[in-house]
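The values are calculated or read from the model by the stated rules, or taken from the named source; none is laboratory data. Everything numeric here is computed off the predicted structure, so don't read it as measured data. Because the Cβ atoms are built from the backbone with ideal geometry, glycine has one as well, and the counts that use them run over all protein chains shown.
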Amino acid sequence: MNEGIVYIVGAGPGDPELISIKAINIMKDADVILYDRLVSKELLDKFDVEKIYVGRAVGDDYKHQEQTNQLMLKYAKEGKKVVRLHGGDPFIFGRGGEEAEFLKENNIRFEIIPGISSIIAASASSLVPLTDRRYASSLAIVTGHEDPMKEYERVRWEMLPKAVDTIVVLMGISNLEKIIDRLVDGGMDKDTRIAVIENASKKEERIIYGKLDDIVMKVKEQKIKPPAVIIIGDVVKVSERLRA
């Protein structure tokens, strides 16, 4: 029997054209694709192979990931070429690291294929550069929804305003008001610019611009929902000129 292999692949942010040639070639040759909730149907429909949904939503328990791990192990031990397909990039707020460790522990060959993160897609769509020599020399990428199983909160919101120039928040829409309150408590000006990008790169993409003191109201009025990327900082001023 041939030795199996698992490719942990980034599918990109949603637009099926924003995926690497290497990822496409691997998926064409795959025996099975285990795909996430945020992977587009349009992309999946391009491949005539077995596809198994292993998407995980907020609130799902840890058993869900264990089931995904066991599927990777099962098919790899059968000598198959397995694609574990993540939305965005598997190593940016994905479970690629956990899955790679699991495969290593079980002596399964694996390879990581990077993908374009929604962070990059949102930056391009909103015309907001994440760094700019005039405004931003540093960047923090943080989650707006930490794992509730952690012993303590890792994101120190009050420290970010003095530590970095641009803040990008993923999975933060449901906690947006709390996040802004804590940034203001840390010294961030309420007039600081902010952009919220829903479904970055997809056909249903929507973008809202504002300031810390009015963005929560705008998000509620427009009924913005996840997945959304939040970009905070003076770099948003660049988009104001580009859109003028």
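Scan region 40-52 and give yes if some residue there is closer than 26 Å to Ile141 by Cβ, surrounded by 12 or more Cβ atoms within 10 Å (Cβ to Cβ) and touching a residue at least 12 places away in the same chain (Cβ under 8 Å), otherwise no. Talk me through it step by step, then tell me what you get.
Applying the first criterion (closer than 26 Å to Ile141 by Cβ) to region 40-52 yields 40, 43.
Within this subset, residues satisfying the condition of being surrounded by 12 or more Cβ atoms within 10 Å (Cβ to Cβ) are 40, 43.
Pick out the ones that are also touching a residue at least 12 places away in the same chain (Cβ under 8 Å) and you get 40, 43.
The answer is yes, given that some residue of region 40-52 is closer than 26 Å to Ile141 by Cβ, surrounded by 12 or more Cβ atoms within 10 Å (Cβ to Cβ) and touching a residue at least 12 places away in the same chain (Cβ under 8 Å).
On inspection, Val229 qualifies as among the β-branched types (Val, Ile, Thr), touching a residue at least 12 places away in the same chain (Cβ under 8 Å), in the same structural domain as Pro129 (by TED's automatic domain parsing) and under 24 Å from Ser117 (Cα atoms). Here Ile197 clears all of (1) touching a residue at least 40 places away in the same chain (Cβ under 8 Å); (2) touching an Asp or Glu at 6+ places or on another chain (Cβ under 6 Å) except the condition numbered (2). Taking region 18-36 as the range and being farther than 14 Å from Asp48 by Cα and more than 17 Å from the chain's Cα centre (by Cα) as the test, the residues that pass are Ile21, Lys22, Ala23.
The criterion of being surrounded by fewer than 20 Cβ atoms within 10 Å (Cβ to Cβ), of a type in the set (Lys, Arg) and touching a residue at least 12 places away in the same chain (Cβ under 8 Å) does not hold for Arg134.
Out of Val83, Val128, one residue alone is at pLDDT 95 or above and closer than 27 Å to Asp29 by Cα. It is Val83.
Could you check region 11-42 and list, in sequence order, the residues that are on the phi < 0 side of the Ramachandran plot, of a type outside the set (D, E, K, R), touching a Lys or Arg at 6+ places or on another chain (Cβ under 9 Å) and not in a strand (DSSP E or B)? Spell out how you get there, then give the answer.
From region 11-42, those on the phi < 0 side of the Ramachandran plot are 11, 13, 15-42; that's our starting set.
With the extra rule that they be of a type outside the set (D, E, K, R), the set shrinks to 11, 13, 16, 18-21, 23-27, 30, 32-35, 38-40.
From what is left, the residues that are touching a Lys or Arg at 6+ places or on another chain (Cβ under 9 Å) are 13, 16, 24, 26-27, 30, 32-35, 40.
Within region 11-42, Pro13, Pro16, Ile24, Ile26, Met27, Ala30, Ser40 qualify.
Yes or no: region 176-197 includes at least one residue that is more than 23 Å from Ala136 (Cβ to Cβ), polar (S, T, N, Q) and either in the same structural domain as Pro13 (by TED's automatic domain parsing) or surrounded by 17 or more Cβ atoms within 10 Å (Cβ to Cβ) (or both). Within region 176-197, none of the residues are more than 23 Å from Ala136 (Cβ to Cβ), polar (S, T, N, Q) and either in the same structural domain as Pro13 (by TED's automatic domain parsing) or surrounded by 17 or more Cβ atoms within 10 Å (Cβ to Cβ) (or both).
Taking the condition of being assigned to a strand (DSSP E or B) and surrounded by fewer than 13 Cβ atoms within 10 Å (Cβ to Cβ), how many residues in region 202-244 meet it?
Applying the first criterion (assigned to a strand (DSSP E or B)) to region 202-244 yields 206-211, 228-232.
Those still in the list that are surrounded by fewer than 13 Cβ atoms within 10 Å (Cβ to Cβ) too: none.
Of the residues in region 202-244, 0 are assigned to a strand (DSSP E or B) and surrounded by fewer than 13 Cβ atoms within 10 Å (Cβ to Cβ).
Out of Glu78, Glu3, I need the residue that is among the acidic types (Asp, Glu), modelled with pLDDT under 95 and either in the same structural domain as Met171 (by TED's automatic domain parsing) or over 26 Å from Leu170 (Cβ atoms) (or both). Which one?
Working: Glu78 fails: modelled with pLDDT under 95.
When all the criteria are applied, what remains is Glu3.
Within region 141-178, count every residue that is under 13 Å from Val216 (Cβ atoms) and without any contact (Cβ under 8 Å) to a residue 40 or more places away in the chain. Residues that pass the stated criteria total 3. From the list Gly12, Gly96, the lone residue that is more than 25 Å from Lys203 (Cβ to Cβ), of a type in the set (Gly, Ala, Ser) and crowded, with 17+ Cβ neighbours inside 10 Å is Gly96.
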